[in-house]
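The values are calculated or read from the model by the stated rules, or taken from the named source; none is laboratory data. Just so it is clear, the model here is predicted, and its values are computed rather than measured. Don't worry about glycine lacking a Cβ; one is built from the backbone with ideal geometry, like all the others, and counts go over all protein chains shown.
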Amino acid sequence: MASPMETDVTSVHWNTCGDKMVTSSSDCFARVWKVDEVVPSDETGLMHKAKNFGKTMLMMSKFNKERADLIATGGHSPYVTVWNAEDPTKQVVRFDHTDRESAQFVCKEIEWKNTKELAISGVSKNIYLWSVDCPAAPIRKWSGHNSDIA
């Protein structure tokens, strides 16, 4: 794991209003930044909230387009987590790729379809559609890619 001075940011995504952004990083943290406030030139910005994903290097975090309080985050683990942007301790749901053909799953891309469904892709060469109402298994899988989907 990288030290704080060696942290790589792996994704940046704005919320719909444009007043917050979420970043994923190699230090296993997803951070929500408030960017609507004037920041002195000697500061790098104001971190609003952060969620620690333990030992999982993160690859992607995205705000939900319709519900600004929802973020989906994934990385080097079999899980993609939907969590509350205003209170990172509130986990909404966790999608688990364990015990599937993609046990080595690494999430490289997330795209929200609506407030309940999101597509997830990565090193599995598949795209999965998950629902927050039915987190036990993906509701659809698309196959056919010859390499990772980023």
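Here are some notes:
- Among the residues making up the range 49-80, those that are without any contact (Cβ under 8 Å) to a residue 60 or more places away in the chain, of a type in the set (Gly, Ala, Ser) and part of a strand (DSSP E or B) are 50, 61, 72, 74.
- Qualifying positions in the range 1-12 - modelled with pLDDT of 90 or more and not β-branched (Val, Ile, Thr): 8, 11
- Restricting the range 104-121 to residues that are of a type outside the set (D, E, K, R) and part of a strand (DSSP E or B), the residue that is surrounded by the fewest Cβ atoms within 10 Å (Cβ to Cβ) is 119.
- A residue that is at pLDDT 85 or above and among the charged types (D, E, K, R) can be found somewhere in the range 13-21.
- Residues of the range 27-48 satisfying the condition of being assigned to a loop (DSSP other than H, G, I, E, B) and either buried (at least 21 other Cβ atoms within 10 Å of the Cβ) or modelled with pLDDT of 90 or more (or both): 27, 28
- Whichever residue in the range 56-91 is within 22 Å of residue 140 (Cβ to Cβ) and more than 13 Å from the chain's Cα centre (by Cα) and, among such residues, is surrounded by the most Cβ atoms within 10 Å (Cβ to Cβ): 67
- Among the candidates 142, 83, residue that is modelled with pLDDT of 90 or more and touching a strand residue (DSSP E or B) at 6+ places or on another chain (Cβ under 8 Å): 83
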